Amino acid sequence: MTSTSLPLFPVPVDGLRHLSNETRVMATPWSRMVRGIGLGQYPIPYDAQGAARIRQAFALLAAKGVERGAYTRFSRLLSDFVLDVVDPGRPLRSADLERRLGPVLDAVRAEENPYFRIMAGCVLMDAVAKLGLDKGLLVNSATGIDFPAEMLAVVDTIEPDRIKDENAGRHGHYEKLSASTAVFLAIGQLGLGDRLVIGRRNHVREALELLEKIPAPFFRGRGGAMLLSVVALLGHGRAIHGEGRDHIKEVLDYLDRADELNLPPAFPQPMSESFTEIYPLLTMLNAIALSGRPEEYLTYGRDRLAQARELLARITPVERTHMGLYYIVALHNLGRLDEQVPDLDALVEDIVGQWRHIDPGANYFLNGISYAYIIQTAMLTGRMDLIGADTLDRLVDGFPDLDRTDDDRINRPYPFAYTLNVLGEIGASHLLFEPREAYGGAAPLAWVVDRLSEGGQEEHRLYMLNHALVSYALRMRGTARGETPLFQGAFRLFGGNS
């Protein structure tokens, strides 16, 4: 087995007290890799070697024909744009920025799938905000561009139950709700959040009404939690628990009816019943932390913290590697971590220590992404002493084993994206770009890309790799470009907990 070397960069977060507000809202890789929101967390100085790796990855994808798809072409163009903006050796003038942004906008508009078009547009708007660029690049009456309005209009074109996966028929308007969440957040990042509630339509109210059009409690809770969090973040909390309704209580009531409704989610690997209960509950706990009135909701219907604690004890150890990070961050945001977990070190050691018992190449989902959660749990809690070279070796060398089944092979980009993302965050992304014995002397990234179907047509989750690469590029904006004004104002929502 090829030996690892020490991380190239210092770990950007060393304990919960150092978390940015953006991370507290979107701490887990699911939001970033699957939904494309919250990319570029943990900014670092520009790194020429890292930039070269990102460009190399897109070149390999292009050689495989993947850029025939608009989303990968958009992701490469945006990454190039970001890397040029943050490169201190290549200062760009305003005219250069406008000229360079044109092809990126064209690539967004070329994406035929409306959900992916919105996702690309929101990644772009978020990047403009995080780079500190003039929003006039995207909203300018003189040039006739109003890109945020353009993306908001696309939401209306998303139809229900269009997701082609193992949960077909259980989603309802889940994708439209998720698109609304992403658009609201991106528009808020540009400082235009009031647009959503002023004028002919109240887009926030319309999005909240979608909640009752998502039949499966799991998806209503998980998707609804992010929407509720973003609405609160934008300062529109009255729409959540005013106007004669309380959407948080309604979602909690619906979660409590899961047994009666009998619409459990399907997963690529068998999961315990408790996992399907704890996942939406923990995401809702984080939304409750942002609500401004957590005590009211934590005891609504039942003791929600006791419920979460009991479910965490019932799920399997490998499932706990996924849910542990959600649990810890939610309790931290609620200011209840010390009370609920008096021995945090013991919990973290148990979660992180599971890597010794988990084969990351056994399957692409349950095992395959568990190491990303394990490493991020260690990083966010300041326990990177629990992660060693042997941990990283086992993770990095596990992808050839996903040839075991067609399903694992086709979905290999899913865990690979999670891995690239987390290794970039701990300064160890080079492990995926250097030759390794497990890959017959090839670099893991080159090996994985070479085994994609032509044009990446079979790998419907390949877009996650794009998100990992864009996020890596956006992190290089430097520590001076940290929290955006939207997230700087989020501190009050956490009730002063830091």
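The values are calculated or read from the model by the stated rules, or taken from the named source; none is laboratory data. Given the structure is predicted, the values throughout are model-derived calculations rather than measurements. Backbone-built Cβ (ideal geometry, glycine too); neighbour counts: all protein chains shown. Just so you know, the surface numbers come from the protein's heavy atoms only, side chains and all, with ligands and any DNA or RNA stripped out. Shrake-Rupley method; radii C 1.70, N 1.55, O 1.52, S 1.80 Å.
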Between residues in the range 470-498 that are at pLDDT 95 or above and residues that are outside any helix (DSSP H, G or I) and acidic (Asp, Glu), which pairs lie under 7 Å by C-beta distance while being six or more apart or on different chains? 476/47
For the list (1) modelled with pLDDT of 95 or more; (2) touching a Leu at 6+ places or on another chain (Cβ under 6 Å); (3) buried (at least 23 other Cβ atoms within 10 Å of the Cβ); (4) not acidic (Asp, Glu), I need the number of the one condition that residue 28 fails. (1)
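Please report, ordered by residue number, the helices (runs of 4 or more DSSP H) entirely within the range 63-169 with at least 2 residues that are within 25 Å of the chain's Cα centre (by Cα), at pLDDT 95 or above and among the acidic types (Asp, Glu). Spell out the reasoning first.
Numbers: elements: 70-86, 94-110, 114-130, 147-155.
Of the helices (runs of 4 or more DSSP H) lying wholly inside the range 63-169, those with at least 2 residues that are within 25 Å of the chain's Cα centre (by Cα), at pLDDT 95 or above and among the acidic types (Asp, Glu) span 70-86.
Go through the range 447-459 and report how many residues are surrounded by 18 or more Cβ atoms within 10 Å (Cβ to Cβ) and touching a Lys or Arg at 6+ places or on another chain (Cβ under 8 Å).
Pass one, the range 447-459, residues surrounded by 18 or more Cβ atoms within 10 Å (Cβ to Cβ): 447-449, 452, 456, 459.
After this cut, where a residue has to be touching a Lys or Arg at 6+ places or on another chain (Cβ under 8 Å) as well, the list is 448-449, 452, 456, 459.
Total satisfying the criteria: 5.
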Could you tell me whether any residue of the range 316-327 is buried (at least 16 other Cβ atoms within 10 Å of the Cβ), closer than 18 Å to residue 222 by Cβ and basic (Lys, Arg)? yes
Tell me, which residue of the range 114-139 that is touching a Phe, Trp or Tyr at 6+ places or on another chain (Cβ under 8 Å) and open to solvent by 30 Å² or more (accessible area, probe 1.4 Å) is farthest from residue 35 (Cα to Cα)? 139
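So which of 175, 243 is of a type in the set (Asp, Glu), within 21 Å of the chain's Cα centre (by Cα) and open to solvent by 30 Å² or more (accessible area, probe 1.4 Å)? Let's see the steps before the verdict.
On the way: 243 fails: within 21 Å of the chain's Cα centre (by Cα).
Every option except 175 fails the conditions.
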Subset tally (residues that are closer than 21 Å to residue 325 by Cα, open to solvent by 10 Å² or more (accessible area, probe 1.4 Å) and modelled with pLDDT under 95) for the range 280-293: 1
Are any of the residues in the range 195-203 at pLDDT 95 or above, under 22 Å from the mean Cα position of the chain (by Cα) and surrounded by 21 or more Cβ atoms within 10 Å (Cβ to Cβ)? no
Residue list for the range 356-378, filter: open to solvent by 10 Å² or more (accessible area, probe 1.4 Å) and of a type in the set (Gly, Ala, Ser): 362
What pairs come out if I take residues in the range 382-405 that are among the β-branched types (Val, Ile, Thr) and pair them with residues that are open to solvent by 30 Å² or more (accessible area, probe 1.4 Å) and assigned to a loop (DSSP other than H, G, I, E, B) whose C-beta lies under 6 Å away, six or more apart or interchain? none
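For the range 451-461, check the following and say yes or no: at least one residue is part of a loop (DSSP other than H, G, I, E, B), out of contact with any Pro (no Cβ under 8 Å at 6 or more places or on another chain), closer than 16 Å to residue 401 by Cα and touching a residue at least 24 places away in the same chain (Cβ under 8 Å). Break it down into steps so the answer makes sense when it comes.
Filtering the range 451-461 for residues part of a loop (DSSP other than H, G, I, E, B) gives 451-453, 457-461.
From the residues that got through so far, the ones that are out of contact with any Pro (no Cβ under 8 Å at 6 or more places or on another chain) too are 451, 453, 457-458, 460.
Subset that is closer than 16 Å to residue 401 by Cα: 451.
If we keep only those that are touching a residue at least 24 places away in the same chain (Cβ under 8 Å) as well, we get 451.
Yes, some residue in the range 451-461 is part of a loop (DSSP other than H, G, I, E, B), out of contact with any Pro (no Cβ under 8 Å at 6 or more places or on another chain), closer than 16 Å to residue 401 by Cα and touching a residue at least 24 places away in the same chain (Cβ under 8 Å).
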Of the numbered conditions (1) outside any loop (DSSP other than H, G, I, E, B); (2) among the aliphatic types (A, V, I, L, M); (3) open to solvent by 10 Å² or more (accessible area, probe 1.4 Å); (4) in contact (Cβ under 8 Å) with a residue 24 or more places away in the chain, residue 306 satisfies every one except a single condition; which is it? (4)
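Looking only at residues in the range 420-446 that are assigned to a loop (DSSP other than H, G, I, E, B) and of a type outside the set (A, V, I, L, M, F, W, C), which one is surrounded by the most Cβ atoms within 10 Å (Cβ to Cβ)?
Our first condition is that a residue be assigned to a loop (DSSP other than H, G, I, E, B); within the range 420-446, this holds for 426-428, 433-436, 440-443.
Still in the list and also of a type outside the set (A, V, I, L, M, F, W, C): 427, 434-436, 440-441.
Values: 427: 17, 434: 15, 435: 13, 436: 20, 440: 9, 441: 10.
Only one residue fits best here, namely 436.
Of these, 385, 393, 401, 397, which one is under 20 Å from residue 456 (Cα atoms) and not β-branched (Val, Ile, Thr)? Don't jump to the end; show me each part of the working.
Numbers: 385 fails: under 20 Å from residue 456 (Cα atoms); 393 fails: under 20 Å from residue 456 (Cα atoms); 397 fails: under 20 Å from residue 456 (Cα atoms).
Of the residues listed, the single one that is under 20 Å from residue 456 (Cα atoms) and not β-branched (Val, Ile, Thr) is 401.
Could you please let me know if residue 345 is charged (D, E, K, R), free of Cβ contacts under 8 Å to residues at least 60 places away in the same chain, open to solvent by 20 Å² or more (accessible area, probe 1.4 Å) and out of contact with any helix residue (DSSP H, G or I) (no Cβ under 9 Å at 6 or more places or on another chain)?
Details: charged (D, E, K, R): yes; free of Cβ contacts under 8 Å to residues at least 60 places away in the same chain: yes; open to solvent by 20 Å² or more (accessible area, probe 1.4 Å): yes; out of contact with any helix residue (DSSP H, G or I) (no Cβ under 9 Å at 6 or more places or on another chain): yes.
So residue 345 passes the test.
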Go over the candidates 98, 67 one by one and state the one that is of a type outside the set (Val, Ile, Thr) and either without any contact (Cβ under 8 Å) to a residue 12 or more places away in the chain or in contact with an Asp or Glu (Cβ under 6 Å, 6 or more places away or on another chain) (or both). 67
